[in-house]
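The values are calculated or read from the model by the stated rules, or taken from the named source; none is laboratory data. Everything numeric here is computed off the predicted structure, so don't read it as measured data. Methodologically, a virtual Cβ is constructed for each residue, glycine included, from the backbone with ideal geometry; neighbour enumeration extends over all protein chains shown. What goes into the accessible areas is simple: the full protein's heavy atoms, side chains included, and nothing from ligands, DNA or RNA. Shrake-Rupley method; radii C 1.70, N 1.55, O 1.52, S 1.80 Å.
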Amino acid sequence: MTSTVPRVILENGVVRTMEPTLPVVRALAIAGDRIAGGIGTHETALASPDRVDLGGRCVLPGFNDSHVHFPTWALAQRQVRLEGTTSLDEALQRVAAATSDVEPGRWLRGMGWRSGDWSPPTEPTKEALDRVTGDTPTALMARDYHSLWLNSAALARANGDLEVDGGVVVRDERGEPTGVLREECAWRFRDTHVRPTEDEMVDASRGGVRIAISRGVTAVHDTDGWLGALGVWQRLREEGQLKLRVWQSIPADLMDELADLRIRSGFGDDLVRIGYLKTFMDGTLGSQTARMLDGTGVEITSRDQLAQIIRRGAQAGLPVAVHAIGDLANREALDAFEVTRPDWLRLGLRHRIEHAQVLAPEDLPRFAELGIAASVQFSHAPSDRDLADRFWAGKTAGAYAYRSLRDSGALLANGSDAPIEELDPWVGVCAGVLRTIDERGPWHPEQRLTLDQALEATTVNPAWLTRDEERRGKLIPGYLADLVVLDGDPYDLEPEQLPQVNVVATMLGGRWTHNPPPWKGR
């Protein structure tokens, strides 16, 4: 019987394995969905393999995005985008241009505004939106996804029911809503009135997957569990359109349902698995709702409430990922993990703090001491630098402290937080190394990472968080053949040249998902 297992040798290039004991090989043998060996073994490992001439290109383990709101990001590709607007008038011009395309009775959705970037300084209002949207209900999420800007037609849908614990209804001097909701108030309005259908999410995510794999992505940690993303992924898998691996978050509010069904972390198959519980301690920098030691910010979950979630999660076999931005929010999250350590340490649960954006000096080493991963976004540091300098003046030595966390022994996992930043892991790697995304010099250059460290956080460490450290994240025998081909070896370049590197092709489990060879030129 003739075997149909695909056999491939990638040769005539450089393969960066991300395995310290054998960091570089000149060829890679693949049998089926696994790495069969490197140079010196591939000659006899495979029978009649296909040979792929890399032409001097570089092969790395496939990129992981450790924090992405995938269906939300995919939908955002079709919405009015307000990133980069430098004034209220510019934002309104973009909204006005999109209004004419909205069918009567349908919502105008958008995202990406950040009033802290606007000059002259001003805050959004329903009256400003009304001037360009009229009766078209309009909901515009802020760039940080923690504030929602509504027009009068949209506000009318709530019939005055806007207040929620853990949220803020911004009001004018007369006590009337301005049209901006923050935190839980924004999220409840969104979920009640503007929630997309599953069909809309599936349709958008088909295109989103194509974009992601074109950027070298082979796995994501999806944080849109609250939106029902698990159903989206299952439908894509059934259609044969799912070409990356998914570690799915589940809202902590649904923990009891999972426990009743005896569904533990890791349940699923090779493409889609239940991963972790997601909850929030506080708000964000951009919305000025991050919970700080100076007493400012919004508390969404208290330390004691988080401890209860962690304990109940441990009983159900589910690790916890908690959003914490401010220094007080991070301290209290670490406190909760510390006090519950007897409940979860023996179970080997791999907990994480999402963002960890500003830390008090005494709290920074606690990540490594407690064994809590820092799930961070390298792109946030240069993107947020101006707001951080303004809102956290005098505290930025402990902000986005990726090198300090890494040097303390903490495990870093890099994500995009798309659609807050763009889903593009290589851009994130460059941001981690350079600490700048424009012509300015690096912001807090002492926090720059080496290329090795940035790639480790984008390939090896995310696989550890999903308990895949012995089968993904490296290009060594027995591991899954999830890989990305780059047009050059980034290790041969000066750091400032890294943004010039491009993704050529992507492979998942031994099969090309993006741009299969042969390739022209270099």
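Does a label point 7 Å from the Cα of D386, set along Cα-to-beta-carbon, have any residues of the range 435-455 with amide nitrogen under 18 Å, and which are they? 435-444, by backbone N distance to the label point.
I'd like the accessible area for W233, computed on protein heavy atoms only with a 1.4 Å probe and all protein chains in place. Round to 10 Å², please. Estimated to the nearest 10 Å², W233 gives 0 Å². Please label the shape of the range 273-368 as rounded, prolate or oblate, based on the square roots a ≥ b ≥ c of the eigenvalues of the alpha-carbon gyration tensor (a/c under 1.5 means rounded; beyond that, a/b larger than b/c means prolate, else oblate). Note, shape of the range 273-368 comes out prolate. Note on surface exposure: H380, H444 rank H444, H380 by accessible area, highest first, 1.4 Å probe.
Report the gain in length on full extension from D452 to D294: 0.36 nm times residue separation, minus Cα-Cα distance, nm rounded to one decimal.
53.2 nm
The heavy atoms of I310 offer some 0 square angstrom of accessible surface to a 1.4 angstrom probe. Comparing Cα centroids, the range 391-420 and the range 436-504 end up 17 angstrom apart. For the pair F267 and T86, the difference between a 0.36 nm per residue extended length and the Cα-Cα distance amounts to 60.6 nm. Summarising the amide proton neighbourhood of V220: residues at separation of 5 or more, or on other chains, whose placed amide H is nearer than 5 Å comprise D65, R245, V246, W247.
Length gained on full extension, R51 to R195: 47.0 nm, using 0.36 nm per residue less the C-alpha separation.
Computed with a 1.4 Å probe on the full set of protein chains, the accessible area for Y479 sits at about 30 Å². Its relative contact order, with pairs defined as Cα atoms under 8 Å and 6+ residues apart, puts the chain at 17 percent. Here K474 is the anchor, and the lysines within straight C-alpha reach of less than 22 Å, apart from those fewer than 8 places off in the same chain, are K243.
Within a straight-line Cα-Cα reach of under 12 Å, K278 can be paired with the following aspartates and glutamates, leaving aside sequence neighbours fewer than 8 residues apart in one chain: D222, D224, D253, E354. Cα gyration tensor of the range 223-313, axes a ≥ b ≥ c as square roots of the eigenvalues: rounded (a/c below 1.5), prolate (a/b > b/c) or oblate? Oblate is the answer for the range 223-313, as a/c is 1.5 or above yet b/c matches or exceeds a/b.
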